[in-house]
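What follows is a single structure, written as structure tokens, with notes after it.
The values are calculated or read from the model by the stated rules, or taken from the named source; none is laboratory data. From a predicted model like this one, the values you see are computed outputs, not experimental measurements. Virtual Cβ from ideal backbone geometry, glycine too; neighbours counted across all protein chains shown. In case anyone asks, the SASA skips ligands and DNA or RNA and just uses the protein heavy atoms, side chains included. Shrake-Rupley method; radii C 1.70, N 1.55, O 1.52, S 1.80 Å.
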Amino acid sequence: MRGRRLIDVSQLEAPGDGQSSHSWSTVTTPFRNTQTSVKVSARSLCSSRRTSGHNSRITSARSSATSAALSTVTSPSSYLTSTLNSRATSAVSRGSSSACRNGKMKRGCTAPAALLQAQRDILAEFSTSRPGLNVWCIENQRPQPVCVSDHGFFHQGNVYVVINVEDNGTVFLHTWQGRLSQKVDRDVAAFCAEELDRNSEGAALMSFEFEGKESSSFLGHFQDGVIICEGKTKQFLGRASKYQKRLYVIRGRKVAVASCTEPSSSAVAPDVALLLDGYPRIYVWIGDRVDYVSRVKAINLAKKIRTWQRDGKGHIVVIDKDEKSLSESFLKKLQICGSSESQQEDQTSPEEDQVRAVQLFRVNGDRVMYDMPLAAKQPLKQKLLTSTDCFLLDSGPSLPLYIWVGARAEPDDRRRALFRARIFAQHHGYPGTTHLCRVAEGEEPMDFRKMFAEWRDRTAGERQLVRSYSVANIGRVLFSKSDRRTVAKLSELWSDDHFLTGNGNTEMWQVNGGVVPVSQNPEGLFYNNSCYLLKHTETVGNQNVTVLYTWMGQKSNPEDQEKVQQLAADMDAALDHETAIVRVLDGKEPKHFLNTLRRSMIVFDLSLLSGRSSSGGSGSCTDPDVWMYCVREVAAETMRVTQVPPTSTSLNSSAAFIVITDNSSYVWYGKNASALEREYSKSMLAYLCPTKSHDYDIIVEGKEPTSMWMVIRYDGVYPKEFPKPNLERRSPRLVLCRPLKGSWVFEDVPYFCQEDLCETDIFILDTHDQIHLWCGSAVADRDHSLYSPVIQAYIDRDPSLRQSEDLKVWVVNQGHEPSTFYKFFRSWEEHGYGGEISYSAARKRVRQENAMIDSDCQMLDLSHLHTTKVSYKDLVKEENLPNDTHINHKEFHLSDKEFTRVLRMPRAQFYRLPFWKQRQILKSAHLADPQTDGPSTPRSLVTSQHS
């Protein structure tokens, strides 16, 4: 239109007191997943002021539309209210009487006001005092509760609101948007989510989920799997009567997700599991490269469909590489049911990208350039998160966008957190399906915490201090015992790794260019320019345990380090992978390693023995006739003696030191040295220099004579205590390692258990301070020897920027896991793994269940024979209905001829469909109440005897 001027309000500041809002003719408001554009001609708005009579309602409508769009900058929920009110104003001005249709609204009220009140009334029935999972589906702009039997079934054209209340009162709130959902439904879902968030006094986690990109927090509420069905719960009858997308592509490992598509042979792939829903059989086709855990999940999805959508009737047919004839028949069935061309939507997730530089932004307002300044870059620290502010964690468009809300942040900041995250995502050009997640202080998920280099997990008592509770649930939380059990579990996980007692046989090899066996080493002598391999065998309980320790000296060369690792891998293969390999770094020896050395070790520095080391960076050489040793109790009754440069900076107030020269010897006690360190230093002096065992001076810190400083060169102030480990223990994470195109892909396994461990896979159990690399029994020897590159690749992708020298590394094998590994699992059994055995057991159970179901007998639903027949027109209008009318099953009262004409299929074919499809057809034909979830009891085929 000539003269129309369009302006994008998102690029402008809010109008001042003297600026007219009518100059903003187009308002593009970022709202959740899409952009809402309300276009109003500025010239028309100006000219409308001069009109009168019937043109006045055009002015009212356009002004309402403009104010509705501008209100989005103020509040996301107020946008929905204003938009609906503007539509109602236009409808009323045109004389529409639909606002009070059927007498369901009070006289004089507008449609959106009653609609919003109805939405609040439906949500008001929900209470956080009742733990459990609740799901609503947005239908006709109203949230309709989803029955328990349909939990986990989602439609591509609908939007859902999911809220889960745990026993301790923690609330998790999500909105799920289908790929074909409409904007008005997404707006209503956003409004409902905000209402639920306000009623629950602020959810611990609130997120926006999208089809095909569901987060682990969302999928964790549906442990039995998620099935995405075609269409909407109500749509055009011609489209609803066709069950086209009956083929489901299954993805996911921990929680399987089945996405619908049209049957096609092109969907078959070696690394894909397929599910074909056909009555009376449900086919599960499994590719050759699908792991056993995913195979069991695919079978469980088929059982879920049979249980909840087929009333327990129907056979499940599992097809894998062993059934070649069945596989060929399955491919022919795909070609018959579908087209020759692929109709499958791309539901596969892209290859995992390297985690880009993680950035933390402080969020103070809605303007990205002014109110969201950069707070920090990697490495991130927990102390940067202040309880009075909000922060946004940005890891790139392919990862979730987290916005963290402090416990003492303003209520408006909490309410607008996700709205501001959407503005941030749009400003940086992120796709509309970017996962947005708001987390509350003290309830951060693992995917959020792992981005921080320094993070201390709060105990249950500390979490209660930062959590807000309503009047309804404060009593239950104060007297809950669940948190006490959590504290006990965490104290066990954070305890020291008690593994070996040292009562066994130990063999040792030194690696320094070549491999030399060390015949006897009772004193535990090591040189820091070499590497060592220790083989320790000990009886633990009724089982013989063999551990291979690879000790790497601080000054050893990389070639020797690689050689000792390869030597350990070869020895592990020779022992049929019945060992555990532990990497030990010089100066960071664990207690169980020192137990194998009789709780003491001595580390010599060959360069100091020869006097070739420069001290203190001054460039001068140390005196080759002066030797200095640090005696330290690194663990309870466990000693470590280390040769150090004879300078003042080598001293420490928390240890004892031995100084030996040709003419004198000293034993120096730090103020914080223990009694054992003081006594052991005397014994060690007698071992290092027997001639000085009775000729030495004892010096206490602060009373050093001049003669001592003439022997030990003073080059600075010494520390008072030893540095603490750089990494602290955190809650464990289980990560799946998959090879892909010459590299490795790492996938987190949430809520892990022993059944997630599969014999053909490699896993990493990460506790932040140490890493356990778990190898299944069916992993090839070639992959076993690649444990070092796998660990290095994992560390290189670590968003917390950990260094390899700060980590303790274990390599454990299936069936021979030490207690330091399986103590991180909730339960542990000898044969509790998920693998070929569990897959074979699942298939056996399927065959047993099939044998109990007779699917060959004639099936027919006879319920409609004993009902009074009513015309379709009367059933829809609910007029002239007999007293025995089944309100929840109006289709019973249709004659066979009218049933086929209205529902576009015979009655027998209708009852062969899954329950969700029956409800979809009945709603589309107006034979089910749109305010309910379809028929209360969907009908299926029932067995009948024939005379």
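Stretched out straight at 0.36 nm per residue, the stretch from Asn542 to Ser653 would grow longer than its current Cα-Cα span by 35.5 nm.
Can you list which of the GluC sites (Glu not before Pro) found in the stretch 537-592 are DSSP loop residues with at most 15 other C-beta atoms within 10 Å?
Working: sites: Glu538, Glu559, Glu562, Glu578; in loops: Glu578.
Passing both the DSSP loop test and the Cβ count: Glu578.
Could you calculate the contour length gain from Asp896 to Glu454, that is, 0.36 nm times the residue separation minus the distance between their Cα atoms, to one decimal place in nm? Each step should come with its number before you reach the end.
On the way: separation 442, 0.36 × 442 = 159.12 nm, distance 6.99 nm.
Residue separation times 0.36 nm, minus the Cα-Cα distance, leaves 152.1 nm.
In the assembled protein chains, Tyr872 presents an accessible area of approximately 50 Å² (probe radius 1.4 Å). All Cα-Cα separations within the stretch 211-264 were binned at 10 Å from zero, giving a P(r) of 22, 44, 27, 6, each value a whole percent of the pairs.
Full extension of the segment from Gln754 to Asn529, taken as 0.36 nm per residue of separation minus the current Cα-Cα distance, would add 76.9 nm. Largest accessible area first, the residues Trp285, Trp176 order themselves as Trp285, Trp176 under a 1.4 Å probe with ligands, DNA and RNA left out. Diagonalising the gyration tensor over the Cα atoms of the stretch 765-835 and scaling each eigenvalue by 5 before taking the square root yields semi-axes of 23, 16, 9 Å, largest first. Each residue of the stretch 227-232 was assigned a 3J(HN,Hα) from its phi angle through the Karplus curve 6.51 cos²θ - 1.76 cosθ + 1.60 (θ = phi - 60°); the sequence is 10, 9, 9, 7, x, 10 Hz, with glycine and proline shown as x.
Leaving out same-chain residues fewer than 8 places away, which aspartates and glutamates sit with a Cα under 20 Å from that of Lys234? Filter leaves Glu139, Asp150, Asp185, Asp187, Glu211, Glu262, Glu878, Glu891, Asp929, Asp933. With a Förster radius of 35 Å applied to the C-beta separation of Leu180 and Gln909, the computed FRET efficiency comes to 0.90.
Measuring against 25 Å, Cα to Cα, the residue pairs Lys183/Lys923; Lys213/Lys297; Lys563/Lys588; Lys232/Lys332; Lys213/Lys923 contain Lys232/Lys332; Lys213/Lys923 as the ones spanning a longer distance. Estimate the FRET efficiency between Ser840 and Tyr718 by the formula 1/(1 + (r/R0)^6), using the beta-carbon distance for r and 51 Å for R0, to the nearest 0.05. Once the sixth-power term is evaluated, E becomes 0.20. For the stretch 278-295, 3J(HN,Hα) computed residue by residue from phi via the Karplus equation (6.51, -1.76, 1.60; θ = phi - 60°) reads x, 8, x, 10, 10, 9, 10, 9, 10, x, 5, 9, 7, 5, 5, 5, 5, 5 Hz, glycine and proline entered as x. As a calculated quantity, the FRET efficiency between Glu878 and Lys588 at R0 = 56 Å, using C-beta atoms, amounts to about 0.10. Sequentially through the stretch 178-188, phi angles give Karplus couplings (6.51, -1.76, 1.60; θ = phi - 60°) of x, 5, 10, 6, 9, 5, 5, 5, 5, 5, 5 Hz, Gly and Pro residues having no value and appearing as x.
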